[in-house]
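Working notes for the structure below.
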Amino acid sequence: MNREQELTHLFRQEGLTPAVADLFRRIVYDWYVPQRRELPWRETFDPYAILVSEIMLQQTQVERVREKYATFLAEFPDLRALAAAPLERVLAAWQGLGYNRRAVNLKRCAEAVVASLGGEVPADPNELVRLPGIGTYTSRAVVVFAFNTPLPFIETNIRSVYIHHFFADQSGIHDRDLMPLIEQTLDRDNPREWYYALMDYGSHLKRLHGNPSRRSSHHTRQTPFKGSNREVRSRILRAVLENPGISRDALEKAVGASSEIVGKNLEQLAAEGFIVSRGPGYRIL
DNA sequence: ATCCGGTTTA
DNA sequence: TAAACCGGAT
């Protein structure tokens with residue numbers, strides 16, 4: 001019986017005892033130590049840089065973030081720089097990452113921290129989660145990675161690890177059943193490194209075992225991008241970014257959608273703080 | 001053509 | 001709970 005089978009067996013026999021937790025951590029760390037991914041945001045403890053990386057990593061693969069992270073930080077090296085920057089520059093730096101409202105929210109975070117939190121990223125997840133675009137995952141991940149604080153949290157790679165080892169032949173698994181296991185197996189001596197290990201190992205398991213996270217009750221499939229409103233929206237934003245002051249007519253031509261569709265999206269983008277109508281045309285707020 | 005993923009709003 | 005939100009890799 002190999003170590004993984006032993007883990008499954010022991011877990012079924014006695015539940016998540018300290019011995020089972022130890023064996024589990026050993027399996028994860030033994031895989032991780034020689035395989036550790038070198039990622040730029042793992043080389044800093046700057047809470048701002050870590051916040052930037054976590055926002056970028058929402059819904060976005062590591063390889064796509066890697067380069068943008070460096071150029072973004074070069075242009076906006078700290079919270080105050082980002083807070084003071086024109087939104088137009090921030091959105092331009094964001095192009096290629098997708099989900100542009102993350103960039104708007106990130107800038108708003110910077111403004112809020114500078115305006116009312118003394119310019120320091122809070123070390124308390126309950127403070128962080130009040131900021132725009134920061135939910136339960138990001139608030140805890142930032143605190144764990146920036147301050148090495150032992151807090152339980154879950155995202156897709158972590159989910160894969162726990163489903164693979166503790167729910168091997170089940171599906172429809174809810175996060176509420178995973179969180180206690182995450183809590184009880186947390187390496188309290190070095191939570192930052194432990195979560196790196198979980199994430200790298202989980203990413204590996206997906207390639208090896210066909211994404212165990214699909215067996216989560218939280219797994220969803222995105223509708224096609226082609227022909228979607230998301231596509232129209234991104235084209236509008238890009239057109240305004242590239243042609244400040246663009247007229248409504250030119251915008252409709254550039255986007256290739258009906259006047260009704262463009263108008264509806266323009267309203268939404270304005271309501272979300274992306275775009276303003278000024279003079280004859282449209283520009284970034 | 002299909003796959004991947006946190007947060008917010010309804 | 002469901003639906004909306006992006007772009008690049010495969």
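A few comments on the model shown:
- Pairs of Lys in chain A closer than 22 Å at Cα, counting only those 8 or more apart or on different chains: 4
- Mean-square fluctuations from a GNM of chain A, with a 10 angstrom spring cutoff on Cα atoms, peak among A:ARG238, A:ARG66, A:ARG12 at A:ARG12.
- Length gained on full extension, A:ARG207 to A:ALA115: 28.7 nm, using 0.36 nm per residue less the C-alpha separation.
- The range A:211-249 residues near the modelled A:ASP169 label - backbone nitrogen below 20 Å, point 7 Å along Cα→Cβ: A:211-217
- Apportionment of accessible area to carbon and sulfur, chain A, percent (1.4 Å): 49
- Estimated vicinal HN-Hα couplings, Hz - the range A:162-178 in sequence order (Karplus 6.51, -1.76, 1.60; Gly, Pro = x): 6, 5, 4, 8, 10, 9, 3, 10, 10, 9, x, 6, 9, 4, 4, 8, 8
- Taking a ≥ b ≥ c as the square roots of the eigenvalues of the Cα gyration tensor, the range A:229-284 is classed as rounded, since a/c falls below 1.5.
- Segment A:ARG283-A:ARG238, extension gain: residue separation times 0.36 nm, minus the distance between their alpha carbons: 15.1 nm
- Based on protein heavy atoms only, chain A ends up with 50 Å² per residue of surface accessible to a 1.4 Å probe.
- Couplings 3J(HN,Hα) of the range A:219-234, computed from phi: 6, 10, 10, 6, 6, x, 6, 4, x, 7, 5, 4, 5, 4, 4, 5 Hz, in residue order, whole Hz [Karplus 6.51 cos²θ - 1.76 cosθ + 1.60, θ = phi - 60°; x for Gly and Pro].
- Between A:GLU127 and A:VAL276, the simple label model (points 7 Å from Cα in the Cβ direction) yields a spacing of 3.1 nm.
- Spin-label pair A:ASP46/A:MET179, simplified geometry with 7 Å Cα→Cβ offset, distance in nm: 3.3
- If the chain linking A:GLN222 and A:ILE261 were pulled fully straight, counting 0.36 nm for each residue of separation and taking away their Cα-Cα distance, it would gain 11.9 nm.
- Pair A:ARG248, A:GLU14: separation of 7 Å Cα→Cβ label points (nm): 7.3
- In Hz, Karplus ³J(HN,Hα) per residue of the range A:186-194 (6.51, -1.76, 1.60; θ = phi - 60°; x = Gly, Pro): 4, 7, 6, 6, 8, x, 4, 5, 4
- Viscosity 1.306 mPa s, temperature 10 °C, Stokes-Einstein D of the range A:181-274 from Kirkwood C-alpha radius, µm²/s: 92
The values are calculated or read from the model by the stated rules, or taken from the named source; none is laboratory data. Since this is a predicted model, take the numbers as computed values, not measurements. FYI the Cβ positions are ideal-geometry reconstructions off the backbone, even for glycines, and counts take in every protein chain you see. Surface accessibility is based on the protein's heavy atoms, side chains included, excluding ligands, DNA and RNA. Shrake-Rupley method; radii C 1.70, N 1.55, O 1.52, S 1.80 Å.
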